[in-house]
């Protein structure tokens with residue numbers, strides 16, 4: 001129920017609200033003080049709800065980086081430093097379809113996540129370099 005008020009607020013102001021399990025993403029054109037006040041009012045409706053806020057022009061959400069570029073959202077793939085550039089080594093004893101699936105999955109993720117063709121091309125080249133390195 002606590003979430004419905006926040007969703008309605010976002011809808012009224014034509015803003016984005018997204019949630020995956022316990023990670024929420026939302027956009028706003030409100031001042032920092034106004035949105036923090038709105039979030040504080042939301043928290044008060046349920047004492048079990050704990051919200052940690054990150055207010056920024058750019059942030060990492062799940063597996064993407066979202067950036068406000070003069071009012072336009074730019075989305076690209078977020079690479080966690082702990083997992084880069086490690087990938088299944090080509091010499092591993094896994095079936096070849098597993099290796100092919102890595103390429104396919106990386107390209108599908110890039111196509112779904114990159115908001116510009118330039119970002120997609122950079123992601124494709126990055127994937128190619130990582131695979132050559134492996």
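A short reminder: the numbers here are calculations on the coordinates, not readings from a lab. Note that the coordinates shown come from a computational prediction; the quantities given were computed from them, not determined experimentally. Here the Cβ is made from the backbone with ideal geometry for all residues, glycine too, and neighbour counts use every protein chain on show.
Remark: spin-label model distance residue 61-residue 36 equals 2.1 nm, labels positioned 7 Å along the Cα→Cβ axis. Helix content alone sets the calculated 222 nm mean residue ellipticity of the chain: runs of n ≥ 4 DSSP H residues at -39500 (n - 2.57) each, divided across all residues, give -14500 deg cm²/dmol. The orientation-averaged shadow of the Cα convex hull for region 4-134, equal to a quarter of the hull surface, comes to 10.4 nm². Legend: ranking of residues 21, 130, 55, 66 from fewest to most surrounding C-beta atoms inside 10 Å; resulting order 21, 55, 130, 66.
With viscosity set to 1.002 mPa s and temperature to 20 °C, compute the Stokes-Einstein D of region 2-55, Rh being the Kirkwood radius across alpha carbon pairs; µm²/s, no decimals. Translational diffusion coefficient: 186 µm²/s. Take the Cα of residue 133, go 7 Å toward its beta carbon, and the backbone nitrogen atoms of region 67-81 under 13 Å from that spot belong to 79-81.
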